[in-house]
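Q: Dropping the structure in here first, questions after.
The values are calculated or read from the model by the stated rules, or taken from the named source; none is laboratory data. For clarity, every value in this text was computed on a predicted model and none was experimentally measured. All Cβ positions, glycine included, derive from the backbone under ideal geometry; neighbour counts span all protein chains shown. Each accessible area value is taken on the protein alone, full model and side chains, heavy atoms only, with ligands, DNA and RNA left out. Shrake-Rupley method; radii C 1.70, N 1.55, O 1.52, S 1.80 Å.
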Amino acid sequence: MVLARRKLGWSAEQVSTVCLGTMTFGVQCSEELSHKMLDYFVSRGGNFIDTAEMYPAPDVDPRWRPGRSEEIIGNWLAKDPTRRS
């Protein structure tokens, strides 16, 4: 299955019609598992990834720290800079 893409607003950008939420990255999912999820999502044509400064969740977990999901995504991108296109 390849994810469909649609034009993003008035821009020329095309985004997948499915967005990968990353709120479980860093607490509920290890970095290794998060990278596997990102690999799978991209292999199916996904390019729309949701993250926020409050991720990961839950914020009551002692391992929680803001921005961890962004760090995991950044580490994943750094492993293969061609993913940034």
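Q: Is segment 24-45 home to any residue that is in contact with a Gly (Cβ under 7 Å, 6 or more places away or on another chain), without any contact (Cβ under 8 Å) to a residue 60 or more places away in the chain and not hydroxyl-bearing (S, T, Y)?
A: Let us first name the residues in segment 24-45 that are in contact with a Gly (Cβ under 7 Å, 6 or more places away or on another chain), namely none.
Scanning segment 24-45, I find no residue that is in contact with a Gly (Cβ under 7 Å, 6 or more places away or on another chain), without any contact (Cβ under 8 Å) to a residue 60 or more places away in the chain and not hydroxyl-bearing (S, T, Y), so the answer is no.
Q: If D59 satisfies all but one of (1) open to solvent by 70 Å² or more (accessible area, probe 1.4 Å); (2) among the charged types (D, E, K, R); (3) assigned to a helix (DSSP H, G or I); (4) at pLDDT below 95, what's the number of the condition it fails?
A: Evaluating D59 over (1) open to solvent by 70 Å² or more (accessible area, probe 1.4 Å); (2) among the charged types (D, E, K, R); (3) assigned to a helix (DSSP H, G or I); (4) at pLDDT below 95 leaves (3) as the failure.
One line per residue, one yes/no per condition, for (1) part of a strand (DSSP E or B); (2) loosely packed, with under 14 Cβ neighbours inside 10 Å:
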| position | (1), (2) |
| --- | --- |
| S11 | no, yes |
| V15 | yes, no |
| M23 | no, no |
| L33 | no, yes |
| F41 | no, no |
| Y55 | no, no |
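Q: Of all residues being at pLDDT below 95 and in contact with a Leu (Cβ under 8 Å, 6 or more places away or on another chain) in segment 74-85, which is most open to solvent (accessible area, probe 1.4 Å)? Just the residue, please.
A: R84
Q: Can you tell me how many residues in segment 35-70 are more than 27 Å from K7 (Cα to Cα) and either of a type in the set (A, V, I, L, M, F, W, C) or touching a strand residue (DSSP E or B) at 6+ places or on another chain (Cβ under 9 Å) (or both)? Step through it out loud before you land on a result.
A: Just the residues of segment 35-70 that are more than 27 Å from K7 (Cα to Cα), to begin with: 54, 56-68.
Restricting the remaining residues to those that are either of a type in the set (A, V, I, L, M, F, W, C) or touching a strand residue (DSSP E or B) at 6+ places or on another chain (Cβ under 9 Å) (or both) gives 54, 56-57, 60, 64, 68.
Within segment 35-70, residues that are more than 27 Å from K7 (Cα to Cα) and either of a type in the set (A, V, I, L, M, F, W, C) or touching a strand residue (DSSP E or B) at 6+ places or on another chain (Cβ under 9 Å) (or both) number 6.
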